[in-house]
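**Q** Here's a structure for you.
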Amino acid sequence: MSTTESASPATAPEPTQEPAPKKSSIGKRILTYVVGLLVAAGAIYAFNYFSSDVAQAKVGDCAAITGTSTSPEYKPVDCGAAEANYVVAKAGGTSEVCGTDYDEYTQTQRRGPKTKLCLAPVLLEGKCYGDNVGGVGAKVVECTGSAAFKVTKVVKDAAAPQCPEAEEARSFPEAKIHYCVGAPA
């Protein structure tokens, strides 16, 4: 006996294909890296800016500048401190223009702000000053032949004084300091 089996084709389930994992485009990867680098660079710049005393200096702040003319060191101090030898008259980028009587302090950091300060000297009435060869700023000296000038009057936070005829006025209006200087006596 023969039996015939009906061979109806069984419908085999078709294999389901999993969707291919999405590949991020190369453009999105590059953009992600660039944004990450910019954020990191901004963080480094901000850290250097906010941790730099020079970058934080404002007009009217006092400082003690020590060291040599080729390697000065900046330290913010209270204006009443004995070591205060400069007042910040202007603060800005390296393109800042200082006047002829101002001293300049420029700080450039590899990964941070480039800052220039225009500094007005803090001079004391009745004192004589001479050249500070190799140093920073004017140096207090005896009122003898080695003195370059004597400060006869100091005016702060007011208009420039009327100096006697034989004396010269040195004004630093941004720092609100004015001096009358003359020959050492």
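**Q** Where only protein heavy atoms count, and the probe is 1.4 Å, what is the accessible area per residue for segment 113-185 in Å²?
**A** Accessible area per residue: 54 Å².
**Q** Name the long-range amide H neighbours of D61: under 5 Å, sequence gap of 5 or more, or other chain; modelled H, no Pro or chain starts.
**A** Long-range HN contacts for D61: V88.
**Q** Ignoring any ligand, DNA or RNA, what whole percent of the accessible area of segment 131-185 comes from carbon and sulfur when the probe is 1.4 angstrom?
**A** 50 percent
**Q** List nothing, just return the count: lysine pairs in segment 100-174, 8 or more apart or interchain, with Cα separation under 13 Å. Walk me through the intermediate numbers first.
**A** Details: K127/K139; K127/K150; K127/K153; K139/K150.
So the count of such lysine pairs works out to 4.
The values are calculated or read from the model by the stated rules, or taken from the named source; none is laboratory data. Being a predicted model, the structure only gives us computed values, none of them experimental. Just so you know, the surface numbers come from the protein's heavy atoms only, side chains and all, with ligands and any DNA or RNA stripped out. Shrake-Rupley method; radii C 1.70, N 1.55, O 1.52, S 1.80 Å.
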